[in-house]
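Peer 1: Could you have a look at this structure, given as structure tokens, before my questions?
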Amino acid sequence: CHVYARAPDYASAVSIPAVASVLVFFLLPPLWNGSDSVIWLRWQWHWIPHHPPVYPAFMALANAWFDDAASILRFATEVQHAATVLAIGYLASAFRRRWQILVVSSAATIGAAFGLYAQGLYTEGLATALFLVFLGAMQRLHRDGPTVPVLSMLALALLSASLTRHAYLFFAVVPIVYLAVAGLSWRAQSLRARVRGVLLMIALVGGAALANALVVRYACVMLDSQ
């Protein structure tokens, strides 16, 4: 019922990035930035653990499904655009008022414009979208407090983003510090409840970091065995 009641908000949240994505996809050529864009077409397994496994595995899947570079590029672009649109929608829908949703959706679309325009094979195409999910979860943490769904989404976003780019683990400190600072002003809650929220967030972040290490280690073991 809650989802159906907020359907217009969700539609507003994704409308702006969706329009931008369609216009970019059909009207602008891909921009090759001269960095590591094209290496993912023929990436090597031994690049793990230096490179996190999600994006190489994603490109390996694209290589397995399609035979030519043009199809691989189109598939990767479509997936990255869809991930960006949905992530912006998740971030913007964390706000309640329609004008706030439209403002955040517009700002996030502008911020992601270069990623949409690049349209190349680049790790940030997924990592940035996953980080936007993390920001949406942080806004929900500010709005709803440390509920189980919010904390779970924070941990999931951190894990998935860090498995795409290791550097995103640095942002794990943000929800911990936020809960610690916000707890000082939450007079309605007992000290035990405030401390429990911080400890629970530390446990979830630690679990995400441990899961990251285990997934990378497992990928290395499986690749060595082959």
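Peer 1: Between Tyr178 and Val19, what's the calculated FRET efficiency when r is the beta-carbon distance and R0 is 25 Å? Round to 0.05. Before the final figure, lay out the partial values.
Peer 2: On the way: r = 33 Å, r/R0 = 1.30.
Plugging the Cβ-Cβ distance into 1/(1 + (r/R0)^6) gives 0.15.
Peer 1: Nearest 0.05, what FRET efficiency do Leu61 and Arg98 give at R0 = 41 Å with Cβ-Cβ as r?
Peer 2: 0.60
Every read-out reported here was derived from the displayed coordinates using simple, explicitly stated rules and does not represent laboratory data. What you see is a predicted model; the values in this text were computed from it and never measured. Reconstructed Cβ throughout: ideal geometry from the backbone, glycine too, with neighbour counts over all protein chains shown.
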